[in-house]
Amino acid sequence: MRKPSRARTPDDTQPLKLKKPKTKAAGIPAVTSSALHGLKKMGALKTVKTLSMVNQTEGFDCPGCAWPDPEHRTTFEFCENGAKAVADEAMKANVTPQFFAENSVQELSEMSDYELNMQGRLASPVVLREGESHYAPITWEDAFAMIADALNATSTPDRSVFYTSGRTSNEAAFLYQAFVRAYGTNNLPDCSNMCHESSGKGLVQTVGIGKGTVNLQDFDKAEVILVIGQNPGTNHPRMLTALRDAKDAGATIVHVNPLSEAGLTRFKHPQEYMKGRLRSTTLADHHLQVRIGGDAALLKGLIKCQLEAGAVDANFVEQKTVDFEAMAESARSTPWEKIVQDSGISKSDILEVGALLATSKATIACWAMGLTQHRNGVAVIQEVVNLLLMNGHIGRPGAGLCPVRGHSNVQGDRTVGIWEAPPQAFLEKMEEGLGFSLPKEHGYDVVRTIQAMLDGLVDVFVCMGGNFLSATPDTDLTANAIRKVGLTVQISTKLNRSHLVTGQTALILPCLGRTELDVQASGEQFVTVENSMGVVHRSLGGLTPASDDLRSESWIVAQLANQTLGNQHLDWCGLVEDYDRIRDLMEASLHGFEDYNLRVRGEFGFSLPNPPRDRQAFDTPTGRAHFTVHPLPDVEIPDDHFVLMTLRSHDQYNTTIYGLHDRYRGVHGHRRVVFMNAEDMVERGWKTRQSVNITSHFNGEERTAKDWLLVPYEIPRGNLAAYFPEANCLVPLHSTADVSNTPTSKWVVCTLEASGESVSGEEE
């Protein structure tokens, strides 16, 4: 009999050690950390071999982020984050059937996420049968038959859901969506639903494309760079090099974030030490420590500054945009007192940055989850668009919009069809290439998928990559939803919590990683990915697979499609024999992929069409860019309440925990911590390491997480921060952004109560 598995991560057992937060990112500590991770997980020789292949033209694309590669590359073209991701993937395959025979799913669920990840690579297919407590071996053939039988037994294809992680290659993602649509549904949620969905929705409505409008070369020409709601030092370290180069070229950098992050204070490129260059670079010239939720007010203030200074590109506005006057009137009528109160930024600081923007001839605005995961996520991104449009900073060298993606191919997956709500024009082109009709009704996104599971409307749930349970909000509710599904399938490289909280029957199908050789009938294969700036390029793994029983994601999808549907739609197995055949089909089915196989073999790949960037053209109903009008959001909360945002530690990539240290913030050995303003702590008589219970409040509902330790930090009063996935249990499922339905992980209204005395620990 199967015992219930733990959905939330277990309590921390290590003491909390605190050191002074770092003021400088990268440098020698990054080199040391990268080396130690590599040596621990791969050994010396494999570490050198693997890291020499990262982001090289004849190597593999780093799975650590989606930041683009420079044209002039070094021998070791990686960052600390990427080195950890590669070392993590290159571990030995230790999670074998014997491992599962010795450990029940309930026992494994008592491990921390860090411990689960450290077990090594998944070695072979396994099944957890209904009522059983242990995974058992299963052949690939029997696994595909089980899935096909379950899919074909549903009363409608819409009772099946197919999730995708942003690390899936273009080829695998394209084949996956083709199979799902041939099967008969658009239930294709993906990780973008929880991150940059707000960006996509906001940008399509205003500039006609759901992507950024800059390339990497624009950073060398920028005069002002806004970095809003983003921590590149931890989440996108290679971006720091671009910022440093921009700074050296004369750019002014403005950082907008509730926390002061090390990467935007000082940065030392780790590879510069090899050249004897010891100088670090101060990156951010201005740090605006905005209150959580105060970005809209700040942006309204910066727009107001442009209007008051007369810094409007009248020619661009008149010829290329609509609705400027309505937007301008909204800014003019917003009182400065309201702007200052809601943003937490003084008028003088706003005016200072506003003056910089007013004289800039080339401004780039970058952002990430700090903007997207709010109730007004779409609206606040459109305020960023307003700010750049009024000065003509779209389609100009050194200027434009730059949403910074996290997953290495999340942009590419959407481009090739991982989309639960595709527009009609996209489906028409896809039908033309595939040669069969596709379903038109929109499918479930992530939040709607969870609700459908709760309502008993999902029979089969397939995840290609990712860690769905740990990535999603409302951990307990999501776990209960998953347990109602008949069959859950995980296509994965490493063990995670989603393998332990399952449907009635569960399968784990182990796949190749980005670093590994992929050999099919025609020989060695490469795959392609799209970076944050719309460049599609090759990725070729070179390592011997961790297990002989691993299969590529493309092969797994082809076999599953063939078993479920046969060859009535496509020759699935024939396509996967040579990935050029998949790319030929993609060329016929997707806009902008002409001569795909030829162009992607170029040294730097190719850029997909981007009308706003390329020719100041906007695919909107009017053919122009749209200014938008948004009232300021309500950021007032009840007395003695706080606003909490979730964030990552430095030893973390999305839900994968590489280690128990947040070096830049000075936190070591413990993850259940709450960053809190010191004055707020003193006001309540609380000390460092005070144990507290956190309760979130939403529409009369309460969710509680017990025994978290307080850490004083430079964060605005009334604001808190805590690590995910541990804090995801506090994020309500239905607290989502307007229009995009993205969970509001950066706006969680909560209260704190002491749960014990402060505990001792080491301190620097």
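The values are calculated or read from the model by the stated rules, or taken from the named source; none is laboratory data. Keep in mind the model is a prediction, meaning the values are calculated, not measured. Here the Cβ is made from the backbone with ideal geometry for all residues, glycine too, and neighbour counts use every protein chain on show.
A residue that is touching a His at 6+ places or on another chain (Cβ under 7 Å) and not polar (S, T, N, Q) cannot be found anywhere in region 338-351.
Going by what's in this entry, would His661 be described as of a type outside the set (Val, Ile, Thr), over 23 Å from Val290 (Cα atoms) and surrounded by 21 or more Cβ atoms within 10 Å (Cβ to Cβ)? No; evaluated as a whole, the condition is false for this residue. Within region 46-85, if we keep just the residues that are in contact with a Phe, Trp or Tyr (Cβ under 7 Å, 6 or more places away or on another chain) and at pLDDT 75 or above, the residue that is surrounded by the fewest Cβ atoms within 10 Å (Cβ to Cβ) turns out to be Lys84.
Among the residues making up region 744-764, none is within 28 Å of the chain's Cα centre (by Cα) and modelled with pLDDT under 95. Exactly one residue among Asp651, Asp619, Asp639, Asp634 is of a type in the set (Asp, Glu) and crowded, with 20+ Cβ neighbours inside 10 Å, and that residue is Asp651. Applying a threshold of 7 Å to beta carbon distances and a minimum spacing of six or more residues, or different chains, the list of pairs starting in region 295-316 at a residue that is under 21 Å from Val207 (Cα atoms) and ending at one that is acidic (Asp, Glu) reads Ala296/Glu383; Leu299/Glu383; Lys300/Glu383. Among the residues of region 292-305, is there at least one that is modelled with pLDDT under 95, under 28 Å from Ala722 (Cα atoms), outside any helix (DSSP H, G or I) and of a type in the set (A, V, I, L, M, F, W, C)? No, because not a single residue in region 292-305 is modelled with pLDDT under 95, under 28 Å from Ala722 (Cα atoms), outside any helix (DSSP H, G or I) and of a type in the set (A, V, I, L, M, F, W, C). Taking the condition closer than 24 Å to Thr334 by Cα, surrounded by 16 or more Cβ atoms within 10 Å (Cβ to Cβ), touching a Ser or Thr at 6+ places or on another chain (Cβ under 8 Å) and not assigned by TED's automatic domain parsing to the domain that holds Thr321, does Leu608 pass? Answer is no for this residue. For the condition of a type outside the set (A, V, I, L, M) and either touching a Cys at 6+ places or on another chain (Cβ under 6 Å) or surrounded by fewer than 19 Cβ atoms within 10 Å (Cβ to Cβ) (or both), Lys347 qualifies.
Counting only helices (runs of 4 or more DSSP H) that fall entirely inside region 131-215 and contain at least 2 residues that are aromatic (Phe, Trp, Tyr) and either surrounded by fewer than 24 Cβ atoms within 10 Å (Cβ to Cβ) or in contact with a helix residue (DSSP H, G or I) (Cβ under 8 Å, 6 or more places away or on another chain) (or both), the qualifying elements are 140-153, 170-183.
Residue count for region 537-579 under the criterion of being modelled with pLDDT of 95 or more and part of a strand (DSSP E or B): the result is 1.
Taking Ala721 as the residue in question, decide whether it is among the small types (Gly, Ala, Ser), under 19 Å from Ile450 (Cβ atoms), crowded, with 20+ Cβ neighbours inside 10 Å and not assigned by TED's automatic domain parsing to the domain that holds Ile482. When the stated conditions are applied, Ala721 does not pass them. In this structure, is Phe461 over 20 Å from Thr156 (Cα atoms), aromatic (Phe, Trp, Tyr) and touching a residue at least 40 places away in the same chain (Cβ under 8 Å)? Against the criterion (over 20 Å from Thr156 (Cα atoms), aromatic (Phe, Trp, Tyr) and touching a residue at least 40 places away in the same chain (Cβ under 8 Å)), Phe461 does not qualify. The listed residues are Ser498, Ser522, and the only one of them that is closer than 28 Å to His236 by Cα and modelled with pLDDT of 95 or more turns out to be Ser498.
If you go through region 665-706 and keep only what is surrounded by fewer than 22 Cβ atoms within 10 Å (Cβ to Cβ) and among the aromatic types (Phe, Trp, Tyr), you end up with Trp686, Phe698.
Set side by side, the residues Gly412, Gly400 differ, and just one is on the phi > 0 side of the Ramachandran plot and out of contact with any Cys (no Cβ under 8 Å at 6 or more places or on another chain), which is Gly400. Residue pairs whose Cβ atoms lie under 6 Å apart, separated by 6 or more positions or on different chains, with the first residue in region 88-102 and within 13 Å of Leu543 (Cβ to Cβ) and touching a residue at least 24 places away in the same chain (Cβ under 8 Å) and the second among the hydroxyl-bearing types (Ser, Thr, Tyr) and buried (at least 16 other Cβ atoms within 10 Å of the Cβ), are Glu89/Thr515; Ala90/Thr50; Ala90/Thr515; Ala93/Ser547.
On the basis of being in the same structural domain as Val214 (by TED's automatic domain parsing), touching a His at 6+ places or on another chain (Cβ under 6 Å), under 20 Å from Val224 (Cα atoms) and not acidic (Asp, Glu), does Val384 make the cut? No; evaluated as a whole, the condition is false for this residue.
Conditions tested, residue by residue: (1) farther than 27 Å from His196 by Cβ; (2) of a type outside the set (Phe, Trp, Tyr); (3) within 28 Å of the chain's Cα centre (by Cα).
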| residue | (1), (2), (3) |
| --- | --- |
| Gly669 | yes, yes, yes |
| Lys687 | yes, yes, no |
| Val692 | yes, yes, no |
| Pro732 | no, yes, yes |
| Thr742 | no, yes, yes |
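Quick grid of which residues meet (1) touching a residue at least 40 places away in the same chain (Cβ under 8 Å); (2) in the same structural domain as Thr415 (by TED's automatic domain parsing); (3) small (Gly, Ala, Ser); (4) part of a strand (DSSP E or B):
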site: Leu632; (1), (2), (3), (4): yes, no, no, no
site: Gly659; (1), (2), (3), (4): yes, no, yes, no
site: Val674; (1), (2), (3), (4): yes, no, no, yes
site: Ile694; (1), (2), (3), (4): yes, no, no, yes
site: His697; (1), (2), (3), (4): yes, no, no, yes
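Do the conditions hold for Pro439, that is, is it surrounded by fewer than 24 Cβ atoms within 10 Å (Cβ to Cβ) and in contact (Cβ under 8 Å) with a residue 60 or more places away in the chain? Against the criterion (surrounded by fewer than 24 Cβ atoms within 10 Å (Cβ to Cβ) and in contact (Cβ under 8 Å) with a residue 60 or more places away in the chain), Pro439 qualifies.
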